[in-house]
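Accompanying notes for the structure given below.
The values are calculated or read from the model by the stated rules, or taken from the named source; none is laboratory data. The model shown is predicted, which means the values in this text are computed figures rather than measured ones. Ideal geometry is used to build each Cβ from the backbone, glycine not excepted, and the neighbour counts take in all protein chains shown.
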Ligand SMILES: [Zn+2]
């Protein structure tokens with residue numbers, strides 16, 4: 001019997017097919033629920049052994065973007081030296097490691113596309129992590145500020161416990177290497193931290209504007225010492241060995257950490 005125009009369903013769905021449709025919908029519900037659980041980001045779950053973990057190491061800046069500087073010393077170079085050393089160190093623990101850059105290069109050149117080059121550069125770093133299906137993300141930077149500020153800082157993805165634990169485990173090692181007055185962890189909303197659904201940290205290894213830090217950071221042994229400390233912290237995190245009450249740094253970032261806009265151009269470093 002033809003259905004009325006106000007009941008188009010009944011044209012295509014004879015009653016004898018309703019059980020089949022119900023079964024199909026139930027199967028779809030079970031499948032999508034299972035996928036939702038199975039494919040959920042590991043943001044809230046501790047990971048396992050280092051050998052089972054894919055880690056992206058992101059040496060900040062590069063190419064046209066030198067980061068902060070001091071008398072010809074460029075942050076981008078210090079970040080790269082540490083990144084290369086950290087990748088090797090993590091591989092000693094049998095981790096799978098991907099560097100966002102292995103040379104002095106910007107991930108996005110001048111003039112490529114519209115808008116902020118810096119923002120696109122950060123997005124390119126996130127893309128690398130996503131394509132690699134990274135399970136941990138570690139950005140490497142050097143800080144700058146008034147000369148009395150010194151020490152290492154580890155920023156972690158705000159409101160994320162696993163990121164906080166990772167930061168705490170790593171910072172515990174860094175605080176022993178860089179004897180500054182700002183040592184500690186801090187929550188942040190940096191684009192590279194919030195853009196990935198995995199435990200993510202951004203390390204400021206020290207202040208290039210602080211004499212003690214600068215002497216350490218530019219020393220020949222800094223990359224290997226820092227790499228060993230960071231890798232040991234990552235290994236400790238993966239084993240669940242996390243400081244119960246890590247030091248929260250008193251450092252006041254020059255912005256609220258939200259650099260998803262072009263605000264970053266007003267920030268000396270991050
Ligand atoms: Zn930086």
(message) With the structure loaded, tell me whether residue 151 is closer than 14 Å to residue 203 by Cα, at pLDDT 95 or above and away from the ligand (no atom under 15 Å from the Cβ) or whether it fails that test.
(response) yes
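Residues checked against (1) at pLDDT 90 or above; (2) touching a strand residue (DSSP E or B) at 6+ places or on another chain (Cβ under 9 Å):
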| site | (1), (2) |
| --- | --- |
| 194 | yes, yes |
| 216 | yes, yes |
| 221 | yes, no |
| 235 | yes, no |
| 243 | yes, no |
| 253 | no, yes |
| 258 | no, yes |
| 262 | no, no |
(request) With the checklist (1) more than 16 Å from the ligand (Cβ to nearest atom); (2) at pLDDT below 95; (3) over 26 Å from residue 218 (Cβ atoms); (4) in contact with a helix residue (DSSP H, G or I) (Cβ under 9 Å, 6 or more places away or on another chain) in hand, flag the one item residue 120 doesn't pass. (result) (4)
(request) With respect to residue 133, determine if the residue is more than 24 Å from residue 62 (Cα to Cα), within 15 Å of the chain's Cα centre (by Cα) and surrounded by fewer than 20 Cβ atoms within 10 Å (Cβ to Cβ). (result) no
(message) I need the full set of residues from the stretch 63-79 which are in contact (Cβ under 8 Å) with a residue 40 or more places away in the chain and more than 12 Å from the ligand (Cβ to nearest atom), in order please.
(response) 63, 64, 70, 73
(message) Being part of a helix (DSSP H, G or I), under 18 Å from the mean Cα position of the chain (by Cα) and on the phi < 0 side of the Ramachandran plot is true for just one of 125, 101. Which residue is that?
(response) 125
